[in-house]
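Novice: Okay, here's the structure, questions in a sec.
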Amino acid sequence: MKETIHLHNMTCAGCAARVERAVALASGVQSSVVNFATERLTVEYDETQTSIQEIGAVVKAAGYDWSPIKDAQTALEEERTKKAQAFSTLKTKTLISLVFALPLLYLAMAHMFPQVFTLPLPAGLMSSAHPLRFAVLQLALVLPIVAAGWRFYYVGYRALWLRAPNMDTLVALGTTAAIVYSLYATFMIATTGNHEWTMQLYFESAGVIITLILLGKTMEALSKGRTGEALRKLAELAPKTAWVLKEQQEIEIPIKDVLVGDVVVVKPGAQIPVDGEVLEGTSSVDESMLTGESMPVDKAAGERVYAASTNVQGRLVVRATSVGADTALAHIVKLVEDAQGSKAPIATLADVVSRYFVPVVLAIAVLAAAAWFIAGQPLSFALTILVSVLVIACPCALGLATPTAIMVATGKGAQHGILVKGGEALEAARKIQTVILDKTGTITEGKPQVTDVKTEATVEAQELISLAAGIEKGSEHPLGAAIVDYAAERDIPPAPLDSFEALAGKGVRGVSEGRVVLVGNSAFMEEQKVVLSPAACKYAEEFSRAGKTPVYVSVDGKLAGSIAVADVVKPTSKAAAAKLEAMGLDVAMITGDNERTAHAIAKEVGIASVMASVLPQDKAAHVSKLQASGQRVAMVGDGINDAPALAQADVGIALGTGTDVALESADIVLMHGNLMDVASAIKLSKATIRNIKQNLFWAFGYNVAGIPLACGLLYLFGGPLLSPMFAAAAMSLSSVSVLANALRLKRFKPY
């Protein structure tokens with residue numbers, strides 16, 4: 001069983017790694033993934049060996065709290081409320097620390113740089129004349145700051161006690177060392193009166209470090225809030241109430257109380273509250289939130305409508321077929337949530353580093369401080385080194401590098417109808433070398449349409465279609481349905497029908513106003529002694545070459561004309577194939593159709609490689625064959641028979657207009673049913689992994705460069721010593737820069 005729970009009290013990547021490791025080692029757990037950015041644990045476990053409550057107990061033992069996640073809408077609302085409260089508290093603490101840190105910094109530094117400050121210190125606060133007053137006032141100013149940042153100490157020392165030191169441990173140890181040493185200096189001032197000890201006060205370093213980190217956390221929380229905007233926007237689309245028809249009366253009830261089978265009334269301009277089938281009324285419905293299509297779609301009785309789409313005009317009466325968590329919108333939200341909670345393989349690098357980083361940093365800080373002290377530097381100098389190393393090395397940026405980019409990318413993709421099911425799929429898509437496109441329903445529309453109408457000299461085109469549609473109205477054959485639809489689209493009334501007979505595999509026979517009308521294939525015409533004219537034979541040859549099926553119509557034993565029916569190519573298919581090839585990918589088409597039809601379609605679209613007459617069960621084998629030759633393959637399809645191939649491919653891409661089985665088997669779902677989105681999905685993948693690499697570079701690069709500087713490398717060669725305050729500012733800035741870089745993905749535009 002796979003389940004996701006909400007984690008609380010995590011403060012850094014080290015926390016996430018600790019929970020992930022602890023849960024992974026628990027009995028019955030098959031996989032454990034913690035997303036630091038979304039604060040969620042996704043765990044797969046054997047129900048016969050453990051339960052979610054037992055896993056929660058493991059989380060608790062690791063030092064963190066947890067709570068179950070409810071349905072997507074409720075969870076998002078509750079999470080938003082909690083995060084808003086937490087952000088408000090964090091902002092208040094930051095303001096408090098700023099209010100006390102600024103005068104503390106001024107008091108501590110003003111006497112050192114008198115030429116910089118226009119406001120000199122009052123005579124009563126001069127360190128040389130009143131050293132104890134100077135020290136005690138700094139202590140008084142730092143205490144509220146320590147109180148505001150108390151969480152760093154509680155979480156940091158608790159993590160150290162649990163032998164899982166994290167970012168807060170580094171901050172807590174660094175600032176504690178600065179404060180304890182400053183208290184010792186204050187004691188020496190009080191007992192000796194020697195004002196030289198005022199130079200050994202580090203209260204301002206501790207205060208400013210806490211303030212800067214709180215400020216960084218506030219900016220980080222603000223940025224992290226923006227990473228989940230797309231998901232929130234999707235979830236908020238669902239209306240809160242519905243008008244239900246009961247005993248001929250319209251009653252407004254909460255959306256959670258609507259049941260499958262209820263009849264819902266949707267007024268003009270209102271949002272449709274459920275997935276359902278139209279019973280009465282006609283209207284245009286804006287489905288752009290689901291499909292991305294800007295034009296409203298006409299709806300009438302018998303047609304499907306979806307929750308959160310907007311009824312533009314006309315009153316609709318809809319029977320609910322899916323409600324709440326079962327609607328298409330809820331599935332999309334769940335899909336995006338799962339993707340945002342997943343990890344890309346590239347994230348394992350940051351996980352490994354985060355796991356060992358804090359203990360290594362603690363060792364480096366102690367060794368560097370000890371080395372300088374042994375080399376003859378005073379204790380205050382060694383303390384500066386210790387605090388600077390501890391503070392600058394906090395690995396927050398590492399923990400944010402991957403999940404924030406995935407959150408923004410999957411959310412942005414969803415806004416454009418590209419649903420990526422996980423970080424693994426997102427990363428795999430950029431490595432694709434060959435794209436296999438299914439023909440029916442993927443390259444083509446998936447249903448027959450009339451493409452050509454050719455008449456004999458004795459009959460007009462409109463009359464031919466009227467006669468054919470009149471007879472085919474009684475038929476259930478897809479080719480017949482295409483002719484009926486063609487007549488309806490052109491407002492051609494079907495001819496009246498007196499009698500009807502269907503002959504399986506051949507055609508249909510009927511009587512219309514006393515005339516015997518036959519509609520069928522060439523074998524049927526031959527059997528009924530209807531002679532095909534030379535022109536009709538010529539057209540038939542042209543139709544076959546183009547992959548079209550000729551349907552003949554005869555009246556009273558004489559040929560009246562022929563109608564070409566074909567599964568037409570989607571308007572975007574040719575451009576999509578060209579775009580994929582322009583991206584350096586090999587494009588192939590696979591189909592169960594015969595060679596002639598397959599090659600005709602492939603030629604129209606511009607695809608050179610064709611696999612025709614492939615049985616449904618053999619499609620996966622063709623994918624495997626390409627993979628065996630070293631190719632990374634993406635399979636694009638929409639039908640039940642595509643599901644095994646979608647699962648076999650390195651990346652399975654299903655069109656959202658397809659079957660549920662195909663959608664379940666795929667890694668990426670394209671809601672628009674537009675092949676151009678295949679190229680867009682690969683573009684999104686490349687942009688995301690490039691962004692993650694940039695994030696990891698900045699996070700690693702910052703630590704690699706920062707730690708030697710904090711150890712006093714520049715000072716060793718006559719340069720300046722890195723101040724703990726600058727270390728804190730740099731550490732906070734690194735996390736914010738990583739988040740800002742991830743947010744650049746919000747500018748992603750599909751092809």
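The values are calculated or read from the model by the stated rules, or taken from the named source; none is laboratory data. Just so you know, these numbers come straight off a predicted model, no measurement behind them. Using ideal geometry, Cβ is built from the backbone for each residue, glycine included, and neighbour counts are taken over all protein chains shown. The accessibility values were calculated without ligands, DNA or RNA, using every heavy atom of the protein model including side chains. Shrake-Rupley method; radii C 1.70, N 1.55, O 1.52, S 1.80 Å.
Novice: Could you check region 51-66 and list, in sequence order, the residues that are open to solvent by 10 Å² or more (accessible area, probe 1.4 Å), of a type in the set (Gly, Ala, Ser) and part of a helix (DSSP H, G or I)?
Specialist: Those that are open to solvent by 10 Å² or more (accessible area, probe 1.4 Å), of a type in the set (Gly, Ala, Ser) and part of a helix (DSSP H, G or I): Ala57, Ala61.
Novice: Where in region 365-461 are there strands (runs of 3 or more DSSP E), lying fully within it, with 2 or more residues that are touching a helix residue (DSSP H, G or I) at 6+ places or on another chain (Cβ under 9 Å) and open to solvent by less than 10 Å² (accessible area, probe 1.4 Å)?
Specialist: 418-420, 434-438
Novice: On the basis of being under 29 Å from Lys570 (Cβ atoms), open to solvent by 40 Å² or more (accessible area, probe 1.4 Å) and touching a Pro at 6+ places or on another chain (Cβ under 7 Å), does Pro494 make the cut?
Specialist: no
Novice: Something else: Would you check which residues across region 248-299 are open to solvent by 50 Å² or more (accessible area, probe 1.4 Å), aliphatic (A, V, I, L, M) and modelled with pLDDT of 85 or more and list them?
Specialist: Ile251, Leu259, Val260, Leu279
Novice: Could you tell me which of the residues Met109, Met126 is within 50 Å of the chain's Cα centre (by Cα) and at pLDDT below 75?
Specialist: So the residue among Met109, Met126 that is within 50 Å of the chain's Cα centre (by Cα) and at pLDDT below 75 is Met109.
Novice: Going by the conditions given, is Leu532 in contact with a Leu (Cβ under 7 Å, 6 or more places away or on another chain), aliphatic (A, V, I, L, M) and not in a helix (DSSP H, G or I)?
Specialist: yes
Novice: Residue under question is Leu670, and the condition is that it be modelled with pLDDT of 85 or more and more than 15 Å from Leu426 (Cα to Cα); does it hold?
Specialist: For Leu670, the condition - modelled with pLDDT of 85 or more and more than 15 Å from Leu426 (Cα to Cα) - is not met.
Novice: Taking the options Thr198, Thr176, Thr186, name whichever one is under 53 Å from the mean Cα position of the chain (by Cα), of a type outside the set (Gly, Ala, Ser) and surrounded by 13 or more Cβ atoms within 10 Å (Cβ to Cβ).
Specialist: Thr176
Novice: In region 505-521, which residue that is open to solvent by 60 Å² or more (accessible area, probe 1.4 Å) and over 18 Å from Asp556 (Cβ atoms) is nearest to the chain's Cα centre (by Cα)?
Specialist: Only one residue fits best here, namely Gly505.
Novice: A follow-up question, please. May I ask you to list the residues in region 522-559 that are basic (Lys, Arg) and within 58 Å of the chain's Cα centre (by Cα)?
Specialist: Lys538, Arg545, Lys548
Novice: Considering only residues that are within 21 Å of the chain's Cα centre (by Cα), surrounded by fewer than 16 Cβ atoms within 10 Å (Cβ to Cβ) and part of a helix (DSSP H, G or I), look in region 67-82 and name the one that is modelled with the highest pLDDT.
Specialist: The initial filter retains those residues of region 67-82 that are within 21 Å of the chain's Cα centre (by Cα), namely 69-80.
With the extra rule that they be surrounded by fewer than 16 Cβ atoms within 10 Å (Cβ to Cβ), the set shrinks to 70-71, 74, 77-78, 80.
The next check asks that each one be part of a helix (DSSP H, G or I); those that pass are 74, 77-78, 80.
Details: Thr74: 58, Glu77: 63, Glu78: 64, Arg80: 67.
The selected residue is Arg80.
Novice: Of everything in region 718-750, what is outside any helix (DSSP H, G or I), at pLDDT below 85 and open to solvent by 60 Å² or more (accessible area, probe 1.4 Å)? Give them in sequence order.
Specialist: Within region 718-750, Gly718, Pro720 meet the criteria.
Novice: Restricting to region 478-491, what's the tally of residues that are surrounded by 18 or more Cβ atoms within 10 Å (Cβ to Cβ) and not in a helix (DSSP H, G or I)? Before you say what the answer is, go through the steps one by one.
Specialist: If we filter region 478-491 for residues that are surrounded by 18 or more Cβ atoms within 10 Å (Cβ to Cβ), which is where we start, we get 479-480, 482-484, 486-487.
If we keep only those that are not in a helix (DSSP H, G or I) as well, we get none.
Adding up the residues that qualify gives 0.
Novice: Enumerate the pairs (first residue in region 82-96 and free of Cβ contacts under 8 Å to residues at least 60 places away in the same chain; second residue anywhere and among the charged types (D, E, K, R) and open to solvent by 70 Å² or more (accessible area, probe 1.4 Å)) with beta-carbon separation below 8 Å, excluding pairs fewer than 6 apart on the same chain, so at least 6 apart or on different chains.
Specialist: none
Novice: Within region 4-50, count every residue that is within 20 Å of Leu696 (Cα to Cα) and part of a strand (DSSP E or B).
Specialist: The total comes to 3.
Novice: Under the condition of being charged (D, E, K, R) and without any contact (Cβ under 8 Å) to a residue 12 or more places away in the chain, which residue from region 582-618 is nearest to Ile432 (Cα to Cα)?
Specialist: Ranking the candidates gives Asp618 first.
Novice: Hey, can you tell me all the residues within region 691-713 that are under 31 Å from the mean Cα position of the chain (by Cα), modelled with pLDDT of 85 or more and either open to solvent by 30 Å² or more (accessible area, probe 1.4 Å) or of a type in the set (D, E, K, R) (or both)?
Specialist: Result: Lys693, Gln694.
Novice: Does Leu464 satisfy being part of a helix (DSSP H, G or I) and either open to solvent by less than 40 Å² (accessible area, probe 1.4 Å) or within 30 Å of Gly606 (Cβ to Cβ) (or both)?
Specialist: Values: part of a helix (DSSP H, G or I): yes; either open to solvent by less than 40 Å² (accessible area, probe 1.4 Å) or within 30 Å of Gly606 (Cβ to Cβ) (or both): yes.
When the stated conditions are applied, Leu464 passes them.
Novice: Also, quick follow-up: With (1) more than 17 Å from Ser475 (Cα to Cα); (2) without any contact (Cβ under 8 Å) to a residue 40 or more places away in the chain; (3) open to solvent by 30 Å² or more (accessible area, probe 1.4 Å) as the list, and Ala502 as the residue in question, which single condition is left unmet?
Specialist: (1)
Novice: Is it the case that Val244 is of a type in the set (Val, Ile, Thr), open to solvent by less than 30 Å² (accessible area, probe 1.4 Å) and modelled with pLDDT under 85?
Specialist: no
Novice: Has region 506-517 got any residue that is part of a strand (DSSP E or B), small (Gly, Ala, Ser) and out of contact with any Asp or Glu (no Cβ under 9 Å at 6 or more places or on another chain)?
Specialist: Yes: one or more hits.
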